[in-house]
Structure formats: structure tokens, C-alpha cells
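Just so you know, all these numbers are worked out from the coordinates, no wet-lab data involved. Fair warning: this is a prediction, and the values are worked out from it, not measured in the lab. Neighbour counts are summed over all protein chains in view; Cβ atoms, including those assigned to glycine, are modelled from backbone coordinates with ideal geometry.
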Amino acid sequence: MGDLSLLAAAAAIIPYRMDPGARLGRHLMAGGLAIAALSVVEILVALIPLRRGERWAFWASAAPVAVVGVPLVIVDAVYVPAGRILGALVPQILGIAVMLAGLTLCGLSLFGSRPPESPAS
């Protein structure tokens, strides 16, 4: 669910009237497509290996939150104009909160208390 908000952020990054021939247009397009691709991969990881309980998938899902999600919120908080900041930050913060809640539940399930192993006889 939180990864879907990254798709929304990617759509917001790519302007409707963009000049791909301009440097800024190419950078916006590349950034938006990269975020969209990352969110699709995150959704696939959540649907397949994370649901199976594979521990590597937990870390693969947690890394983009720290590497992409949090820095995006910080950059938007600093550079988005005051009149648009609420619309820019609220979906991102809610998405990160949903992702963190999901990761917390997955982490408790994957790494939580395990029954003690019986000693070998």
C-alpha cells in the first residue's frame, strides 16, 4: 500500500508539459521513472518473497524507505513552495508511515521471538 504512494509521487514528479529536449525535462523524467520502477519492484517483493517469509525480502523492502523515501520528504520539505507543501508532503509522509507499519509487522513476524530449540540428544 505504501509503495503505491511512491507511484503517486513518481506521477507528480513528471510534469504534463515537459520538454524532454531540455536538461530539466530529462532529469524529471529520469527521476520519475526511477521512482516508479522502484515502487513496482517493491510491490513484487512484497507480494512474493516477503509473503513467503524470506528474510532478505524484509531488508530489500526496508532499504528504499531509507534511501529514497526519507530523502524525498526532506528535499520536498525544504524546496517545495509554501503554498504547495501540504499537498506534497502529506501523501509522502502517509505512505512512509504505512510502509513503516507494514515493515514493523513483517519484522515482528520474521525476527520476533522464536520457540527455543530443543537440545540435540
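Worth pointing out:
- Residue count for region 36-95 under the criterion of being within 29 Å of Gly112 (Cβ to Cβ) and over 14 Å from the mean Cα position of the chain (by Cα): the result is 10.
- Selection from region 32-52 of residues that are assigned to a helix (DSSP H, G or I), hydrophobic (A, V, I, L, M, F, W, C) and touching a helix residue (DSSP H, G or I) at 6+ places or on another chain (Cβ under 9 Å): Leu33, Ala34, Ile35, Ala36, Ala37, Leu38, Val40, Val41, Ile43, Val45, Ala46, Leu50
- Pairs linking a residue in region 17-40 that is over 30 Å from Ala62 (Cβ atoms) to a residue that is of a type in the set (Asp, Glu) and not in a helix (DSSP H, G or I), with Cβ atoms under 7 Å and 6 or more positions apart or on different chains, are Gly25/Asp19.
- Search result, residues across region 48-72 that are among the β-branched types (Val, Ile, Thr) and closer than 16 Å to Leu6 by Cα: Val65, Val67, Val68, Val70
- Looking across region 79-109 at every residue that is β-branched (Val, Ile, Thr) and loosely packed, with under 14 Cβ neighbours inside 10 Å, the one that is farthest from Arg55 (Cα to Cα) is identified as Val90.
- Residue within region 57-80 that is part of a helix (DSSP H, G or I) and either farther than 25 Å from Leu94 by Cβ or touching a His at 6+ places or on another chain (Cβ under 7 Å) (or both) present: no
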